[in-house]
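Trainee: I'd like to ask you about the structure that follows.
The values are calculated or read from the model by the stated rules, or taken from the named source; none is laboratory data. None of these values were measured; they are calculated from a predicted model. Virtual Cβ from ideal backbone geometry, glycine too; neighbours counted across all protein chains shown.
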(Lines give C-alpha, C1' and ligand atoms only; values in the text may rest on other atoms or scores of the structure.)
Protein backbone atom coordinates (compact mmCIF):
# COMPACT_ATOMS: atom_id res chain seq x y z
CA UNK A 1 0.00 0.00 0.00
CA UNK A 2 1.47 3.32 -1.11
CA UNK A 3 0.32 5.38 1.86
CA UNK A 4 0.60 9.06 2.63
CA UNK A 5 2.06 10.22 5.94
CA UNK A 6 -0.44 8.99 8.58
CA UNK A 7 -0.99 12.44 10.04
CA UNK A 8 -1.91 13.95 6.69
CA UNK A 9 -4.31 11.16 5.81
CA UNK A 10 -5.99 11.40 9.22
CA UNK A 11 -6.40 15.15 8.95
CA UNK A 12 -7.96 14.90 5.50
CA UNK A 13 -10.37 12.17 6.62
CA UNK A 14 -11.26 14.15 9.76
CA UNK A 15 -12.11 17.11 7.57
CA UNK A 16 -14.40 14.98 5.44
CA UNK A 17 -12.13 14.39 2.47
CA UNK A 18 -10.26 11.75 0.55
CA UNK A 19 -6.79 11.84 -1.04
CA UNK A 20 -6.32 10.17 -4.43
CA UNK A 21 -3.10 9.86 -6.41
CA UNK A 22 -2.70 9.99 -10.16
CA UNK A 23 -0.78 6.95 -11.31
CA UNK A 24 1.74 6.75 -14.11
CA UNK A 25 -0.80 5.13 -16.46
CA UNK A 26 -3.27 8.00 -15.99
CA UNK A 27 -5.56 6.17 -13.59
CA UNK A 28 -6.05 7.10 -9.94
CA UNK A 29 -5.94 5.30 -6.58
CA UNK A 30 -7.20 6.26 -3.12
CA UNK A 31 -4.38 6.98 -0.61
CA UNK A 32 -6.49 7.57 2.50
CA UNK A 33 -9.37 5.85 4.23
CA UNK A 34 -12.68 6.74 2.54
CA UNK A 35 -14.80 9.29 4.46
CA UNK A 36 -18.37 8.27 5.47
CA UNK A 37 -20.00 10.05 2.53
CA UNK A 38 -17.93 8.26 -0.13
CA UNK A 39 -19.50 4.76 0.10
CA UNK A 40 -22.93 6.39 -0.04
CA UNK A 41 -22.24 7.45 -3.62
CA UNK A 42 -22.29 3.78 -4.71
CA UNK A 43 -19.34 4.21 -7.05
CA UNK A 44 -17.74 0.88 -8.01
CA UNK A 45 -13.96 0.41 -7.99
CA UNK A 46 -13.14 2.91 -5.26
CA UNK A 47 -11.33 0.50 -2.98
CA UNK A 48 -8.27 1.78 -1.19
CA UNK A 49 -5.17 1.41 -3.42
CA UNK A 50 -7.22 -0.12 -6.29
CA UNK A 51 -6.66 1.81 -9.58
CA UNK A 52 -9.75 3.39 -11.15
CA UNK A 53 -10.62 5.77 -13.96
CA UNK A 54 -11.42 9.22 -12.63
CA UNK A 55 -14.45 9.71 -14.86
CA UNK A 56 -16.03 6.55 -13.43
CA UNK A 57 -15.96 7.87 -9.85
CA UNK A 58 -15.94 11.67 -10.18
CA UNK A 59 -17.16 12.51 -13.70
CA UNK A 60 -17.10 16.25 -12.95
CA UNK A 61 -13.33 16.23 -12.37
CA UNK A 62 -12.55 15.14 -15.92
CA UNK A 63 -12.95 18.77 -17.04
CA UNK A 64 -10.71 19.88 -14.17
CA UNK A 65 -7.82 17.60 -15.14
CA UNK A 66 -6.01 20.07 -17.49
CA UNK A 67 -5.71 22.58 -14.64
CA UNK A 68 -4.62 19.81 -12.26
CA UNK A 69 -1.97 18.60 -14.71
CA UNK A 70 -0.52 22.12 -14.89
CA UNK A 71 -0.32 22.35 -11.09
CA UNK A 72 1.36 18.93 -10.90
CA UNK A 73 3.84 19.92 -13.60
CA UNK A 74 4.85 23.10 -11.85
CA UNK A 75 5.15 21.49 -8.44
CA UNK A 76 5.00 23.15 -5.00
CA UNK A 77 3.73 25.65 -4.10
CA UNK A 78 1.51 25.53 -7.19
CA UNK A 79 -2.04 24.24 -6.71
CA UNK A 80 -5.34 24.32 -8.55
CA UNK A 81 -8.83 24.43 -7.07
CA UNK A 82 -11.91 23.14 -8.84
CA UNK A 83 -15.36 24.69 -8.76
CA UNK A 84 -18.03 23.26 -6.48
CA UNK A 85 -20.09 20.38 -7.77
CA UNK A 86 -22.89 18.34 -6.29
CA UNK A 87 -23.30 14.56 -6.12
CA UNK A 88 -26.44 12.71 -4.97
CA UNK A 89 -26.07 9.73 -2.65
CA UNK A 90 -28.29 6.62 -2.57
CA UNK A 91 -30.64 8.29 -0.06
CA UNK A 92 -31.21 11.24 -2.37
CA UNK A 93 -29.13 13.68 -0.30
CA UNK A 94 -26.94 16.28 -1.98
CA UNK A 95 -23.22 16.15 -1.23
CA UNK A 96 -21.31 19.32 -2.12
CA UNK A 97 -17.71 18.72 -3.10
CA UNK A 98 -14.60 20.56 -4.23
CA UNK A 99 -11.15 19.33 -5.26
CA UNK A 100 -7.60 20.63 -4.96
CA UNK A 101 -4.71 19.45 -7.11
CA UNK A 102 -1.18 19.65 -5.67
CA UNK A 103 2.11 17.76 -5.60
CA UNK A 104 3.30 16.38 -2.26
CA UNK A 105 6.47 14.30 -1.79
CA UNK A 106 6.69 14.16 -5.58
CA UNK A 107 3.24 12.58 -5.81
CA UNK A 108 0.50 14.19 -7.97
CA UNK A 109 -2.52 14.25 -5.67
CA UNK A 110 -6.16 15.24 -5.74
CA UNK A 111 -7.78 16.08 -2.41
CA UNK A 112 -11.57 15.83 -2.70
CA UNK A 113 -13.34 17.52 0.20
CA UNK A 114 -16.93 17.80 1.29
CA UNK A 115 -17.58 21.44 2.17
CA UNK A 116 -21.20 22.15 3.02
CA UNK A 117 -20.46 25.36 4.92
CA UNK A 118 -18.61 27.05 2.09
CA UNK A 119 -21.20 25.85 -0.40
CA UNK A 120 -24.05 27.35 1.59
CA UNK A 121 -22.00 30.51 2.08
CA UNK A 122 -21.66 30.79 -1.68
CA UNK A 123 -25.36 30.15 -2.06
CA UNK A 124 -26.13 33.00 0.32
CA UNK A 125 -23.80 35.26 -1.63
CA UNK A 126 -25.49 34.32 -4.90
CA UNK A 127 -28.90 34.84 -3.33
CA UNK A 128 -27.85 38.25 -2.06
CA UNK A 129 -26.54 39.12 -5.52
CA UNK A 130 -29.88 38.11 -7.04
CA UNK A 131 -31.75 40.22 -4.48
CA UNK A 132 -29.53 43.22 -5.20
CA UNK A 133 -30.07 42.73 -8.93
CA UNK A 134 -33.82 42.69 -8.42
CA UNK A 135 -33.55 45.84 -6.29
CA UNK A 136 -31.36 47.47 -8.93
CA UNK A 137 -33.82 46.62 -11.69
CA UNK A 138 -36.70 47.98 -9.62
CA UNK A 139 -34.75 51.17 -8.95
CA UNK A 140 -33.97 51.62 -12.63
CA UNK A 141 -37.65 51.19 -13.48
CA UNK A 142 -38.53 53.77 -10.82
CA UNK A 143 -35.95 56.18 -12.22
CA UNK A 144 -37.33 55.66 -15.71
CA UNK A 145 -40.87 56.37 -14.49
CA UNK A 146 -39.60 59.45 -12.65
CA UNK A 147 -37.84 60.56 -15.83
CA UNK A 148 -41.05 60.30 -17.84
CA UNK A 149 -43.04 62.06 -15.09
CA UNK A 150 -40.59 64.98 -14.75
CA UNK A 151 -40.42 65.54 -18.50
CA UNK A 152 -44.21 65.39 -18.71
CA UNK A 153 -44.55 67.95 -15.90
CA UNK A 154 -41.95 70.22 -17.48
CA UNK A 155 -43.72 69.99 -20.83
CA UNK A 156 -47.11 70.75 -19.25
CA UNK A 157 -45.64 73.77 -17.44
CA UNK A 158 -43.68 75.08 -20.39
CA UNK A 159 -46.35 74.83 -23.10
CA UNK A 160 -48.85 77.34 -21.62
CA UNK A 161 -45.96 79.53 -20.44
CA UNK A 162 -44.69 79.89 -24.01
CA UNK A 163 -48.19 80.87 -25.11
CA UNK A 164 -48.43 83.51 -22.36
CA UNK A 165 -45.01 84.90 -23.24
CA UNK A 166 -46.04 85.07 -26.90
CA UNK A 167 -49.21 86.99 -26.05
CA UNK A 168 -47.37 89.37 -23.70
CA UNK A 169 -44.67 89.96 -26.32
CA UNK A 170 -47.33 90.88 -28.91
CA UNK A 171 -49.04 93.22 -26.43
CA UNK A 172 -45.71 94.87 -25.59
CA UNK A 173 -45.37 95.87 -29.26
CA UNK A 174 -48.66 97.74 -29.15
CA UNK A 175 -48.93 101.44 -28.34
CA UNK A 176 -50.20 101.24 -24.81
CA UNK A 177 -50.23 103.88 -22.15
CA UNK A 178 -48.96 103.49 -18.61
CA UNK A 179 -49.65 101.63 -16.43
CA UNK A 180 -50.72 98.92 -18.93
CA UNK A 181 -47.30 98.84 -20.63
CA UNK A 182 -45.61 98.55 -17.23
CA UNK A 183 -47.87 95.67 -16.24
CA UNK A 184 -47.06 93.86 -19.46
CA UNK A 185 -43.33 94.35 -18.87
CA UNK A 186 -43.67 92.97 -15.34
CA UNK A 187 -45.58 90.01 -16.72
CA UNK A 188 -42.84 89.31 -19.26
CA UNK A 189 -40.17 89.49 -16.56
CA UNK A 190 -42.11 87.07 -14.33
CA UNK A 191 -42.69 84.67 -17.23
CA UNK A 192 -38.99 84.79 -18.12
CA UNK A 193 -38.04 83.93 -14.54
CA UNK A 194 -40.53 81.08 -14.59
CA UNK A 195 -39.03 79.74 -17.81
CA UNK A 196 -35.54 79.88 -16.29
CA UNK A 197 -36.80 78.01 -13.22
CA UNK A 198 -38.31 75.24 -15.35
CA UNK A 199 -35.07 74.95 -17.30
CA UNK A 200 -33.07 74.81 -14.05
CA UNK A 201 -35.23 72.01 -12.65
CA UNK A 202 -34.83 69.99 -15.85
CA UNK A 203 -31.07 70.60 -15.86
CA UNK A 204 -30.68 69.29 -12.30
CA UNK A 205 -32.83 66.23 -12.90
CA UNK A 206 -30.99 65.36 -16.10
CA UNK A 207 -27.59 65.80 -14.45
CA UNK A 208 -28.55 63.56 -11.50
CA UNK A 209 -29.87 60.85 -13.83
CA UNK A 210 -26.94 60.92 -16.26
CA UNK A 211 -23.79 61.79 -14.30
CA UNK A 212 -21.80 59.09 -16.10
CA UNK A 213 -22.52 60.31 -19.61
CA UNK A 214 -19.73 59.32 -21.99
CA UNK A 215 -20.27 62.46 -24.06
CA UNK A 216 -17.84 64.32 -21.79
CA UNK A 217 -15.02 62.04 -22.87
CA UNK A 218 -14.89 63.71 -26.28
CA UNK A 219 -14.16 67.08 -24.70
CA UNK A 220 -15.45 70.61 -25.28
CA UNK A 221 -13.71 73.71 -26.61
CA UNK A 222 -13.58 75.91 -23.50
CA UNK A 223 -12.59 79.05 -25.40
CA UNK A 224 -15.60 78.76 -27.70
CA UNK A 225 -18.05 78.08 -24.86
CA UNK A 226 -16.77 81.04 -22.83
CA UNK A 227 -17.10 83.36 -25.82
CA UNK A 228 -20.72 82.26 -26.29
CA UNK A 229 -21.53 82.74 -22.60
CA UNK A 230 -20.09 86.26 -22.53
CA UNK A 231 -21.89 87.17 -25.75
CA UNK A 232 -25.26 85.85 -24.60
CA UNK A 233 -25.18 87.38 -21.10
CA UNK A 234 -23.87 90.77 -22.25
CA UNK A 235 -27.40 92.24 -22.74
CA UNK A 236 -28.37 91.13 -19.23
CA UNK A 237 -25.25 92.82 -17.85
CA UNK A 238 -26.04 96.07 -19.67
CA UNK A 239 -29.61 96.04 -18.36
CA UNK A 240 -28.19 95.86 -14.82
CA UNK A 241 -25.53 98.51 -15.51
CA UNK A 242 -22.79 95.92 -14.89
CA UNK A 243 -19.71 95.45 -17.04
CA UNK A 244 -19.18 91.83 -18.02
CA UNK A 245 -15.71 91.13 -19.33
CA UNK A 246 -13.41 88.28 -20.19
CA UNK A 247 -9.91 88.60 -18.74
CA UNK A 248 -6.92 87.80 -20.93
CA UNK A 249 -7.76 86.20 -24.28
CA UNK A 250 -8.35 82.47 -23.90
CA UNK A 251 -6.20 80.35 -26.21
CA UNK A 252 -7.86 77.37 -27.91
CA UNK A 253 -8.12 74.53 -25.40
CA UNK A 254 -10.33 71.50 -24.86
CA UNK A 255 -11.49 70.19 -21.51
CA UNK A 256 -13.21 67.01 -20.37
CA UNK A 257 -16.81 68.23 -20.34
CA UNK A 258 -20.02 67.98 -22.31
CA UNK A 259 -20.50 71.18 -24.28
CA UNK A 260 -24.15 71.93 -23.54
CA UNK A 261 -23.81 71.34 -19.81
CA UNK A 262 -20.56 73.29 -19.65
CA UNK A 263 -22.43 76.21 -21.20
CA UNK A 264 -25.12 75.90 -18.53
CA UNK A 265 -22.58 75.67 -15.68
CA UNK A 266 -20.73 78.80 -16.80
CA UNK A 267 -24.00 80.64 -17.46
CA UNK A 268 -25.22 79.84 -13.93
CA UNK A 269 -22.03 81.21 -12.38
CA UNK A 270 -22.12 84.36 -14.52
CA UNK A 271 -25.83 84.93 -13.79
CA UNK A 272 -25.17 84.63 -10.04
CA UNK A 273 -22.40 87.20 -10.30
CA UNK A 274 -24.61 89.58 -12.31
CA UNK A 275 -27.49 89.15 -9.86
CA UNK A 276 -25.45 90.28 -6.86
CA UNK A 277 -23.25 92.88 -8.54
CA UNK A 278 -24.02 96.53 -7.72
CA UNK A 279 -24.77 99.01 -10.53
CA UNK A 280 -21.51 100.17 -12.04
CA UNK A 281 -19.75 97.00 -10.90
CA UNK A 282 -17.65 94.58 -12.89
CA UNK A 283 -18.01 90.82 -13.39
CA UNK A 284 -14.83 89.28 -14.71
CA UNK A 285 -14.35 85.80 -16.13
CA UNK A 286 -10.78 84.54 -16.34
CA UNK A 287 -8.99 81.32 -17.25
CA UNK A 288 -5.86 80.06 -15.45
CA UNK A 289 -3.88 77.03 -16.71
CA UNK A 290 -2.94 74.76 -13.80
CA UNK A 291 -0.86 71.77 -14.80
CA UNK A 292 -3.05 69.31 -16.69
CA UNK A 293 -6.22 71.18 -15.76
CA UNK A 294 -7.83 74.54 -16.41
CA UNK A 295 -9.31 76.81 -13.72
CA UNK A 296 -12.15 79.15 -14.68
CA UNK A 297 -12.86 82.00 -12.27
CA UNK A 298 -16.00 84.16 -12.12
CA UNK A 299 -15.53 87.20 -9.87
CA UNK A 300 -17.90 89.99 -8.88
CA UNK A 301 -17.92 93.05 -6.63
CA UNK A 302 -21.07 92.16 -4.70
CA UNK A 303 -21.51 91.39 -0.99
CA UNK A 304 -20.18 87.83 -1.24
CA UNK A 305 -21.73 84.76 0.34
CA UNK A 306 -22.95 85.07 3.93
CA UNK A 307 -20.83 82.95 6.32
CA UNK A 308 -23.86 81.02 7.57
CA UNK A 309 -24.65 79.91 4.00
CA UNK A 310 -21.18 78.53 3.23
CA UNK A 311 -21.56 74.99 4.69
CA UNK A 312 -24.47 74.17 2.36
CA UNK A 313 -23.52 76.40 -0.54
CA UNK A 314 -23.35 73.62 -3.16
CA UNK A 315 -26.06 71.34 -1.74
CA UNK A 316 -29.49 70.77 -3.22
CA UNK A 317 -32.11 73.39 -2.31
CA UNK A 318 -29.55 75.42 -0.36
CA UNK A 319 -30.67 79.06 -0.32
CA UNK A 320 -29.14 82.13 1.21
CA UNK A 321 -30.58 84.02 4.19
CA UNK A 322 -32.29 86.42 1.78
CA UNK A 323 -34.18 83.49 0.19
CA UNK A 324 -32.93 84.42 -3.28
CA UNK A 325 -32.62 81.78 -5.98
CA UNK A 326 -34.00 78.25 -6.17
CA UNK A 327 -31.17 76.43 -4.45
CA UNK A 328 -30.62 74.34 -7.59
CA UNK A 329 -28.13 76.29 -9.69
CA UNK A 330 -24.94 75.71 -7.70
CA UNK A 331 -25.99 72.14 -6.92
CA UNK A 332 -26.32 71.49 -10.65
CA UNK A 333 -22.89 73.03 -11.22
CA UNK A 334 -21.29 70.83 -8.55
CA UNK A 335 -22.69 67.45 -9.59
CA UNK A 336 -22.03 68.20 -13.25
CA UNK A 337 -18.43 69.31 -12.83
CA UNK A 338 -17.65 66.48 -10.41
CA UNK A 339 -19.06 63.94 -12.89
CA UNK A 340 -16.30 65.08 -15.27
CA UNK A 341 -13.61 64.56 -12.63
CA UNK A 342 -13.34 68.29 -11.88
CA UNK A 343 -14.21 70.44 -8.90
CA UNK A 344 -15.91 73.66 -7.87
CA UNK A 345 -15.37 76.10 -5.01
CA UNK A 346 -15.91 79.56 -3.59
CA UNK A 347 -13.73 82.11 -1.85
CA UNK A 348 -14.21 85.70 -0.79
CA UNK A 349 -12.06 88.22 -2.62
CA UNK A 350 -9.71 90.28 -0.48
CA UNK A 351 -10.98 93.46 -2.09
CA UNK A 352 -14.60 92.40 -1.54
CA UNK A 353 -16.98 90.35 -3.60
CA UNK A 354 -17.23 86.70 -4.51
CA UNK A 355 -14.97 84.44 -6.53
CA UNK A 356 -16.40 81.15 -7.78
CA UNK A 357 -14.09 78.75 -9.59
CA UNK A 358 -14.27 75.45 -11.38
CA UNK A 359 -11.35 73.30 -12.43
CA UNK A 360 -11.63 71.01 -15.44
CA UNK A 361 -9.22 68.42 -16.76
CA UNK A 362 -7.71 69.08 -20.15
CA UNK A 363 -8.56 66.65 -22.93
CA UNK A 364 -6.10 67.99 -25.53
CA UNK A 365 -2.97 66.52 -23.91
CA UNK A 366 -1.45 69.93 -23.16
CA UNK A 367 -0.35 71.25 -19.80
CA UNK A 368 1.57 74.11 -18.28
CA UNK A 369 3.41 74.72 -15.03
CA UNK A 370 0.89 74.77 -12.14
CA UNK A 371 -0.20 78.21 -10.97
CA UNK A 372 -1.82 79.14 -7.67
CA UNK A 373 -5.57 79.25 -7.77
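Trainee: Restricting attention to the stretch 23-43, which residues are buried (at least 20 other Cβ atoms within 10 Å of the Cβ) and in contact with a helix residue (DSSP H, G or I) (Cβ under 8 Å, 6 or more places away or on another chain)?
Mentor: Within the stretch 23-43, the first condition is being buried (at least 20 other Cβ atoms within 10 Å of the Cβ), and the residues that meet it are 28, 30-32, 38.
Within the stretch 23-43, 28, 31, 32 meet the criteria.
Trainee: Ok, one more. Being more than 21 Å from residue 219 (Cα to Cα) and modelled with pLDDT under 90 is the filter; apply it to the stretch 327-348 and report the residue that is surrounded by the most Cβ atoms within 10 Å (Cβ to Cβ).
Mentor: 330
Trainee: Test residue 274 against the criterion of being assigned by TED's automatic domain parsing to the domain that holds residue 347 and surrounded by fewer than 17 Cβ atoms within 10 Å (Cβ to Cβ), and give yes or no. Steps first, answer last, please.
Mentor: Details: assigned by TED's automatic domain parsing to the domain that holds residue 347: yes; surrounded by fewer than 17 Cβ atoms within 10 Å (Cβ to Cβ): no.
Answer is no for this residue.
Trainee: Can you find a residue in the stretch 65-73 that is surrounded by 13 or more Cβ atoms within 10 Å (Cβ to Cβ), under 28 Å from residue 123 (Cα atoms) and touching a helix residue (DSSP H, G or I) at 6+ places or on another chain (Cβ under 9 Å)?
Mentor: Yes, that holds for at least one residue.
Trainee: Okay, moving on. Can you say whether residue 99 is free of Cβ contacts under 8 Å to residues at least 40 places away in the same chain and not in a helix (DSSP H, G or I), as far as the supplied structure shows? Walk me through it before giving the result.
Mentor: On the way: free of Cβ contacts under 8 Å to residues at least 40 places away in the same chain: no; not in a helix (DSSP H, G or I): yes.
Criteria not met by residue 99.
Trainee: Going by what's in this entry, would residue 249 be described as at pLDDT below 90, assigned to a helix (DSSP H, G or I) and more than 32 Å from the chain's Cα centre (by Cα)? Talk me through it step by step, then tell me what you get.
Mentor: Details: at pLDDT below 90: yes; assigned to a helix (DSSP H, G or I): no; more than 32 Å from the chain's Cα centre (by Cα): yes.
Here the answer is no, as residue 249 does not meet what is asked.
Trainee: Failed condition for residue 123, given (1) touching a strand residue (DSSP E or B) at 6+ places or on another chain (Cβ under 9 Å); (2) surrounded by 12 or more Cβ atoms within 10 Å (Cβ to Cβ); (3) outside any loop (DSSP other than H, G, I, E, B), with all others met?
Mentor: Looking at each condition in turn, residue 123 falls short on (1).
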